[in-house]
Amino acid sequence: MNQVIGTSVSRKDGRAKVTGSATYAAEHIIPGLLHGYLITSTIAKGKIQAIDSRKAQKITGVKAIFTSQNSPKIFKPANDYVSSKIYEARLPLSDDIIYYAGQIIGLVIADTFELAREAAHLIEIEYLRETPLVDDQRANYQEAILGSWLSMVGQEIKFQTGQWDLANAEITDTKLQATYRTSTQLNAPMEPHAIIAQWHNEESVTVYEPTQWVTGFQRTYAQLFGLATEKVHIISPYLGGGFGSKAFPWPHSILCIAVARQLGQPLKVVVSRRQMTANTGHRSQTEQMIRLVANKEGMLQSVEHEAKSCTSVVDVFTELCTAVTSAMYATPNLSLNQQLATLNIGTPGFMRAPGENPGLWALESAMDELAWALQIDPVVLRLKNETKKHQRKGLPFSAKHFADCLDVGAKRFGWSNRAAQPRSQRQGDKLIGWGMAGSTYPGSRGKSSAKVRLLADGTAHVLTSGNDMGTGSYTVLAVIAAEALGISVEQVRVEMGDSLLPDGWRAGGSQMTASLTPAVQLACQEVLKVAGVTTANEAFTALRQSGQAAFEATASSAPGAKAKEWAFQSWGAHFCEVCVDEELGRVRISRWLAVMDIGQVINAKTAASQVRGSVIMGIGQALMEESCLDPNNGYPVVYDLATYHYPAHADIPRIEVIFVGEPDLNFNPLGARGLGEIGITGVAPAIANAIYHATGKRFRNLPITPAEFMT
Ligand code: MOS
């Protein structure tokens with residue numbers, strides 16, 4: 001029966017995107033549209049003393065200027081992950097205190113974007129300056145709290161098993177302790193954050209905005225503006241990436257909707273690249289201590305992992321580096337803890353595999369160091385210490401094939417031919433090194449609904465509020481419907497990203513495919529029942545004969561009882577080759593192999609593309625991406641896509657992606673776990689491990705830039 005699922009299908013939305021006919025939020029043409037430009041703070045800490053907007057007001061076409069002195073009415077939301085969530089927790093313009101550089105302190109409204117921007121720069125602000133704290137090395141770290149994270153991850157941060165004391169270690173045990181750092185990273189999606197809000201007599205509002213969670217934003221805006229949920233209409237069919245930064249609303253959006261209501265005119269706010277560095281999230285820098293003790297056979301006796309990250313003064317976001325550690329390797333003694341400090345910076349947030357990504361940077365680097373210390377092959381060390389259960393959850397893993405990822409990867413890469421010693425492979429004047437690392441990300445899903453309609457013209461129509469953040473969801477849903485209905489992918493039309501459609505859950509935490517595909521499959525089965533037939537072709541014939549327009553059915557799917565008996569996790573292994581020019585400190589990636597176990601693959605083409613995108617993002621993290629703050633004013637010294645370095649085509653080799661494993665049928669009826677995030681985990685340590693093999697030099701701070709190389 002598996003005819004379409006697992007094959008390679010090109011993107012349904014590909015043509016619309018490359019021809020420009022896909023309309024992104026800021027591109028909607030609305031009559032009478034006004035433009036808002038954000039005024040942002042040029043200091044990182046203090047208070048606004050006076051705002052002089054006389055020059056700005058004289059500009060023809062400027063309609064209004066909003067600051068904390070005339071801030072529009074906004075209600076407080078519940079601000080939890082279940083009913084609503086905003087970043088930052090403080091409502092925009094709610095006081096005249098400055099908490100970080102780039103903070104939104106006003107909004108200028110004008111007839112055109114250019115006029116609004118010009119006026120914004122003419123506004124003179126007098127500050128009472130205080131000395132900001134922007135240096136993470138001087139921050140005051142305290143026991144980390146999850147904040148409202150708790151309701152989402154359902155766990156405490158601190159975790160301990162066994163009663164380990166280093167004094168108990170055998171003389172023959174190998175101990176490894178090291179500290180690893182990651183830098184502040186920006187999500188930097190191609191499509192900047194943007195919103196258009198259009199009110200209808202103050203009674204309801206239409207919002208065009210790129211969001212990873214259509215119905216989540218709908219509920220949150222309903223709370224913020226005192227509306228019934230149904231009175232908020234979110235339209236978000238296309239996103240130019242988000243990587244977590246579009247999972248929850250940020251202040252510019254809240255302000256745009258509030259001001260549009262007050263003005264009684266539709267309003268657009270586009271956030272500039274520079275404004276995005278402070279106002280739409282980032283991945284916090286981390287500092288992580290790992291201590292591993294292993295006996296001479298290479299069995300882990302104890303694993304300790306302590307992490308530090310930073311948040312803003314106005315909200316709590318903990319980069320959960322240690323959450324992944326209890327899933328990764330078996331040990332009788334495990335100790336995990338985190339600390340958090342506040343800085344005068346914008347609020348950090350979710351970025352592709354938050355927690356798992358920096359967490360595995362530290363752990364998978366440390367495992368490599370341990371392997372060298374023990375003189376055990378790093379693949380073998382991982383195989384020896386594989387855990388059958390999730391140690392924190394106390395549940396066995398369902399359909400886990402980590403060992404296959406390692407075995408298949410090692411064979412395919414030719415790992416057994418690896419030179420036994422560092423600095424022993426050369427190509428001309430370059431050093432060559434091979435490295436590998438494990439990869440993992442949890443499998444999660446939420447309650448998701450979809451509608452399927454069979455039409456007399458012989459097509460099927462799938463409708464859901466769930467949307468495609470660029471991952472391939474349009475195509476994946478078409479594949480599921482084609483399979484379930486026995487028709488071609490071309491016969492399926494998919495409509496996504498509109499809050500009027502059945503609640504399709506969110507594109508976050510790698511959950512969209514895992515949540516939505518069972519709902520679509522079920523709706524297909526239901527619609528055939530409604531039609532009283534067993535095949536879609538019979539239904540099409542019946543429609544043509546009766547003159548009826550369509551048969552339709554809506555179905556939902558949610559995690560079942562098995563979710564309490566099993567731990568769900570996707571697995572993978574990355575293998576790479578680096579080519580190092582020691583004189584220039586230049587590292588080039590010359591080969592990449594990713595082997596992934598994600599359960600059932602729905603569309604081989606978009607699945608491999610997700611992993612490739614992740615690997616590219618991981619290469620950027622390892623070698624380039626870094627957002628440093630100016631110690632004087634707290635501003636990121638990078639401010640656009642030219643100053644924020646990430647990979648270009650010439651930096652990336654061919655990336656081979658292989659899928660192994662089996663459908664995880666305890667997880668959902670299709671056995672498909674998500675894969676939006678797993679691909680980036682383990683990429684950076686695989687590169688650092690390869691650089692060690694090439695050069696004999698161990699790098700523990702990301703990114704590994706030429707400058708870092710010279711020190
Ligand atoms: Mo993801 S960081 O949950 O978009």
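In this structure, is Lys268 within 18 Å of the chain's Cα centre (by Cα) and among the basic types (Lys, Arg)? In short, no.
To keep it simple, each residue is scored yes or no on (1) away from the ligand (no atom under 16 Å from the Cβ); (2) more than 27 Å from Ile616 (Cα to Cα); (3) touching a Phe, Trp or Tyr at 6+ places or on another chain (Cβ under 8 Å).
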| position | (1), (2), (3) |
| --- | --- |
| Leu340 | yes, yes, yes |
| Gly346 | yes, no, yes |
| Ala353 | no, no, yes |
| Glu356 | no, no, yes |
| Gly359 | no, no, no |
| Ala362 | yes, no, yes |
| Ala366 | yes, no, yes |
| Ala371 | yes, no, no |
| Gln375 | yes, yes, no |
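Residues considered: Tyr692, Tyr644. Of these, the only one that is within 21 Å of the chain's Cα centre (by Cα) and surrounded by fewer than 23 Cβ atoms within 10 Å (Cβ to Cβ) is Tyr644. For segment 174-205, a residue qualifies if it is part of a strand (DSSP E or B) and in contact with an Asp or Glu (Cβ under 6 Å, 6 or more places away or on another chain), and the qualifying residues are Leu176, Arg181, Gln185, Ile195. Scanning segment 560-607 for residues that are in contact with a Leu (Cβ under 7 Å, 6 or more places away or on another chain) and of a type in the set (Phe, Trp, Tyr) turns up Trp566, Phe575.
Restricting attention to segment 657-705, the residues that are at pLDDT below 95 and touching a Gly at 6+ places or on another chain (Cβ under 8 Å) total 1.
One residue alone among Ile43, Ile51, Ile109, Ile74 is in a loop (DSSP other than H, G, I, E, B), touching a strand residue (DSSP E or B) at 6+ places or on another chain (Cβ under 6 Å), hydrophobic (A, V, I, L, M, F, W, C) and within 30 Å of Asp315 (Cα to Cα), and that residue is Ile43. Can you tell me which residue within segment 240-271, out of those that are part of a loop (DSSP other than H, G, I, E, B) and touching a strand residue (DSSP E or B) at 6+ places or on another chain (Cβ under 8 Å), is farthest from the ligand (Cβ to nearest atom)? Among residues in segment 240-271 that are part of a loop (DSSP other than H, G, I, E, B) and touching a strand residue (DSSP E or B) at 6+ places or on another chain (Cβ under 8 Å), the one farthest from the ligand (Cβ to nearest atom) is Gly264. Basic (Lys, Arg), out of contact with any Asp or Glu (no Cβ under 8 Å at 6 or more places or on another chain) and more than 16 Å from the ligand (Cβ to nearest atom): does that describe Arg392? Criteria met by Arg392.
Okay, residues lined up against (1) acidic (Asp, Glu); (2) more than 16 Å from the ligand (Cβ to nearest atom); (3) surrounded by fewer than 17 Cβ atoms within 10 Å (Cβ to Cβ):
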site: Gly162; (1), (2), (3): no, yes, yes
site: Asn168; (1), (2), (3): no, yes, yes
site: Ala188; (1), (2), (3): no, no, no
site: Trp199; (1), (2), (3): no, yes, no
site: Tyr208; (1), (2), (3): no, yes, no
site: Val214; (1), (2), (3): no, no, no
site: Gly226; (1), (2), (3): no, yes, yes
site: Thr229; (1), (2), (3): no, yes, yes
site: Ile235; (1), (2), (3): no, yes, no
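Being within 16 Å of the ligand (Cβ to nearest atom), surrounded by fewer than 24 Cβ atoms within 10 Å (Cβ to Cβ) and either under 21 Å from the mean Cα position of the chain (by Cα) or closer than 22 Å to Leu91 by Cα (or both) is not true of Gly281. Taken over segment 100-149, the criterion of being aromatic (Phe, Trp, Tyr) and closer than 21 Å to Ala64 by Cα is satisfied by Phe113 alone. Within segment 378-393, the set of residues being out of contact with any helix residue (DSSP H, G or I) (no Cβ under 7 Å at 6 or more places or on another chain) and modelled with pLDDT under 95 comprises Lys393 only.
The values are calculated or read from the model by the stated rules, or taken from the named source; none is laboratory data. Please read all numbers here as calculations on a predicted model, not as lab measurements. Heads up, the Cβs are rebuilt from the backbone with ideal geometry, glycines too, and the neighbour counts pull from every protein chain shown.
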